[in-house]
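Asker: Let me give you the structure first, and then I'll get to my questions.
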Amino acid sequence: MTSNNRIFSLVVPVISVILGLIVGAIIMAVSGHNPMEAYAALWRGAFGDSFTIGETVRRITPLILTGLAIAFAFRTGLFNIGAEGQVIVGWLAAVWVGLVIDAPMIIHLPLAVLAGAIAGGLWGFIPGILKAKLGVHEVIVTIMMNYIAMFVTNEIIRSVLTDHKTTTDKIAGSASLGSEWLQSITFYSRMHYGILIALFAAIIMWFIIQRTTLGYELKAVGFNRHASKYAGMSVSKSIILSMVIAGGFAGLAGAMEGLGTYGSISVMSGFTNLGFDGIAVALLGANNPFGVVIAAILFGVLKEGAGEMPTGAGVPTELVDIIIAIIIFFVASSYIIRWALLRMKKEGK
Amino acid sequence: MIEILQSMVPTVLFFSAPLILTALGGVFSERSGVINIGLEGLMVIGAFVGIVFNLTFADVFGNVTPWISIIVATVVGALFSLIHAVASISFRADQTVSGVAINMLALGVGVYLTKVWYDKGQTDMVSEPFFSTNIPVMSKIPVIGPIFFEGVYITSYIAIILAFVAWYVLYKTAFGLRLRAVGEHPMAADTNGINVSKMRYIAVILSGALGGLGGSIFALTVVSNFSQSTIVGQGFMALAAVIFGKWHPLGAMGAALFFGFAQSLSIVSSGIPILQDIPNVILLIAPYLLTILALAGFIGRADAPKANGVPYIKGSR
């Protein structure tokens, strides 16, 4: 049964992705577009030349981190819908440090990155402690925290960081993740060193979960809260820590945008969607850090490649959002895919 | 004072109506034990259908177009919510995940079709939106009339009436009792011969219908066109109203009215002396902050239906 489960946990995501792409093709065909042309355009948009590859990598970077933010909390049985808000506050804090502090790069950059992680962690701490101490459902609290993050951040950009402007100045060069070398080999894309931080974060998550007592406790609480309690673990400590670390990952994602891609922060009229896409990433990656990296690459490629579809095949970019939503449905409904596979197996015999 | 009320009350009603309707949908769904994070997406679909129908058939139906538009949006919202129902009831998907997918799918489909049909990211403005009117007879009542019944949208009163209807259905009929039973203790309900899946399907479809209605009324009163940014957060605010209203139809209505009040404050406040000094951002985050406080038990306790979010699997304990 265990080997069966392992196969299923690989097969379900793959089938889901294929089904998602097929449904996407059907939608395009029905709305009068050529699916093959569109997918070819998507491929060009993601891998066409070294510029698009650079842009694809920078698109993948924050997705890995928000995916980790959701996957990590999931391991403790928590649903962190608040990655969105944690990204925003992390972005703000990183840019703030990048603007205000004057220090050599070796201090300034780590400080700015850390500020992002801490701000995100703090934003995760609030739902964590409410869940741990008062039993308040984290889903609702984190949704509300998203909006609070957005409105408060907008206000800070307008009234504190600038004088009623919608975008801050560029951060100091000593806090930037950008690299002339990376830009020069990718025809001046916005690719930056953040990808290394993101991959490193995935290794950190693997290490915490698989190799430390803390990780063992977090997982145990995720599996069975009561058994963990009677085994002498502190359930509320685990819940709070899990949310803080998850928030830290999401905050890092914000820092990547602030210190790498944009070098500034602007007033937002809506969400960045990095947090919500992170849910899809974590789900497809089966909450495993390396699964998350692969899923983030897939969704990053889809999202970046989508930019080429309107000009290349006349297909609106939103098709990719539809495909991603459908993939989520299939992964979430894995029960039915398993059922169908078992059914086919039995009939084969 | 009366002048302030005269400008405030219609604005509050105007902003609250879509929230009330969508929140009622949330109450039905969650009372039956199905979490519905997808309210936002259902509103998006409602807004999209309402606007597209209105643009397409304005010449055919003339000034009854908005009414037919909201009916069509209600039906399409109900159909769209079937996806959530199938995933979370029959396929036992995680209900929160399915709801998130509903939100992504709705916005994706809405904007995709807008671009395919209109070749741009937003539709034109509709020619037949809802207009504010004076309600006959009622607006002639002294003092109260001008405050509550002059320059208001009839849809606001429909929302309030529907809240009372929902309360009656949930608390005074056998159907409502069964629906609530399924959300509290599905196994006990099943033992008593109630079809748990059927009740949950009905509840989710009702939430889709009401979400679609709310979304279309928002689109046809507040914005008059459809784009990526037509519905931004109203669905989540409605979800907040469900919880703030403690999963009760009239409570949800009260919460929605309050949130509508908070929203209108951030617009009307410049004209009111006491409120001028409150920073806008406080008014913007008030609904969300209050929901967290309510959940944390600072404003009375809010307890979810017992079986909320748990798929019902026959025969399991």
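The values are calculated or read from the model by the stated rules, or taken from the named source; none is laboratory data. This is a predicted model, so every value here is computed, not measured. Every residue, glycine among them, receives a Cβ derived from its backbone with ideal geometry; neighbour counts consider all protein chains shown. These accessible areas exclude ligands, DNA and RNA; they are computed on the full protein's heavy atoms, side chains included. Shrake-Rupley method; radii C 1.70, N 1.55, O 1.52, S 1.80 Å.
Asker: Among the residues of region B:86-96, which ones are assigned to a helix (DSSP H, G or I) and surrounded by fewer than 24 Cβ atoms within 10 Å (Cβ to Cβ)?
Answerer: Answer for region B:86-96, where residues must be assigned to a helix (DSSP H, G or I) and surrounded by fewer than 24 Cβ atoms within 10 Å (Cβ to Cβ): B:86, B:90, B:96.
Asker: Only one of (1) part of a helix (DSSP H, G or I); (2) touching a helix residue (DSSP H, G or I) at 6+ places or on another chain (Cβ under 9 Å) fails for residue A:165. Which number is that?
Answerer: (1)
Asker: Which members of region A:322-349 meet the condition of being of a type outside the set (Lys, Arg) and open to solvent by 50 Å² or more (accessible area, probe 1.4 Å)?
Answerer: A:330, A:335, A:339, A:342, A:344, A:347, A:348
Asker: A follow-up question, please. How about region A:122-144: which of its residues are part of a helix (DSSP H, G or I) and open to solvent by less than 10 Å² (accessible area, probe 1.4 Å)?
Answerer: A:124, A:127, A:128, A:138, A:139, A:141, A:142, A:143, A:144
Asker: Residue A:94: away from every other protein chain (no Cβ under 14 Å) and more than 15 Å from the chain's Cα centre (by Cα), yes or no?
Answerer: Yes.
Asker: So which of A:88, A:143 is closer than 30 Å to residue B:304 by Cβ and within 11 Å of chain B (Cβ to nearest Cβ)?
Answerer: None of the others qualify; the one that does is A:143.
Asker: Then there is this: Inside region A:228-246, can you point out the residues that are more than 17 Å from residue A:133 (Cβ to Cβ) and surrounded by 22 or more Cβ atoms within 10 Å (Cβ to Cβ)?
Answerer: A:245, A:246
Asker: Return the residues of region A:168-187 that are in contact with a helix residue (DSSP H, G or I) (Cβ under 7 Å, 6 or more places away or on another chain) and open to solvent by 60 Å² or more (accessible area, probe 1.4 Å); say none if nothing qualifies.
Answerer: Scanning region A:168-187 gives A:169, A:185, A:187.
Asker: Looking at A:223, A:207, can you tell me which residue is touching a residue at least 24 places away in the same chain (Cβ under 8 Å) and open to solvent by 50 Å² or more (accessible area, probe 1.4 Å)?
Answerer: Step by step, each of A:223, A:207 is checked, and only A:223 is touching a residue at least 24 places away in the same chain (Cβ under 8 Å) and open to solvent by 50 Å² or more (accessible area, probe 1.4 Å).
Asker: For region B:204-223, name all the residues that are open to solvent by 10 Å² or more (accessible area, probe 1.4 Å) and either of a type in the set (Asp, Glu) or closer than 15 Å to residue B:40 by Cβ (or both).
Answerer: B:210, B:213, B:218, listed by residue number.
Asker: Also, I was wondering about something else. Within region A:264-275, can one find any residue that is in contact (Cβ under 8 Å) with a residue 12 or more places away in the chain, in contact with a strand residue (DSSP E or B) (Cβ under 8 Å, 6 or more places away or on another chain), of a type in the set (A, V, I, L, M) and over 28 Å from residue B:40 (Cα atoms)?
Answerer: Scanning region A:264-275 turns up no residue that is in contact (Cβ under 8 Å) with a residue 12 or more places away in the chain, in contact with a strand residue (DSSP E or B) (Cβ under 8 Å, 6 or more places away or on another chain), of a type in the set (A, V, I, L, M) and over 28 Å from residue B:40 (Cα atoms).
Asker: Any chance region B:110-126 includes a residue that's under 30 Å from residue A:327 (Cβ atoms) and within 20 Å of the chain's Cα centre (by Cα)?
Answerer: The answer is yes; a qualifying residue exists.
Asker: Would you call residue B:88 closer than 30 Å to residue A:26 by Cβ and among the hydroxyl-bearing types (Ser, Thr, Tyr)?
Answerer: yes
Asker: Of the conditions (1) acidic (Asp, Glu); (2) open to solvent by less than 60 Å² (accessible area, probe 1.4 Å); (3) away from every other protein chain (no Cβ under 14 Å), residue A:37 fails just one. Which one is it?
Answerer: All conditions pass for residue A:37, except number (2).
Asker: Report, by residue number, each residue of region A:56-78 that is open to solvent by 10 Å² or more (accessible area, probe 1.4 Å) and either assigned to a helix (DSSP H, G or I) or under 13 Å from residue A:143 (Cα atoms) (or both).
Answerer: Within region A:56-78, A:57, A:58, A:59, A:60, A:74, A:75 qualify.
Asker: Checking residue B:139 against (1) modelled with pLDDT of 90 or more; (2) more than 10 Å from every other protein chain (Cβ to nearest Cβ), which single condition isn't satisfied?
Answerer: Answer for residue B:139: the failing condition is (1).
Asker: Return a yes/no flag: does region B:223-241 have any residue that is within 30 Å of residue B:7 (Cβ to Cβ), in a helix (DSSP H, G or I) and not hydrophobic (A, V, I, L, M, F, W, C).
Answerer: yes
Asker: For residues in region B:256-311 being β-branched (Val, Ile, Thr) and open to solvent by 60 Å² or more (accessible area, probe 1.4 Å), which is modelled with the highest pLDDT?
Answerer: Only one residue tops the list, namely B:282.
Asker: Now for a separate question. What single numbered condition from (1) outside any helix (DSSP H, G or I); (2) open to solvent by 10 Å² or more (accessible area, probe 1.4 Å); (3) in contact (Cβ under 8 Å) with a residue 24 or more places away in the chain fails to hold for residue A:32?
Answerer: With respect to (1) outside any helix (DSSP H, G or I); (2) open to solvent by 10 Å² or more (accessible area, probe 1.4 Å); (3) in contact (Cβ under 8 Å) with a residue 24 or more places away in the chain, residue A:32 is out only on (3).
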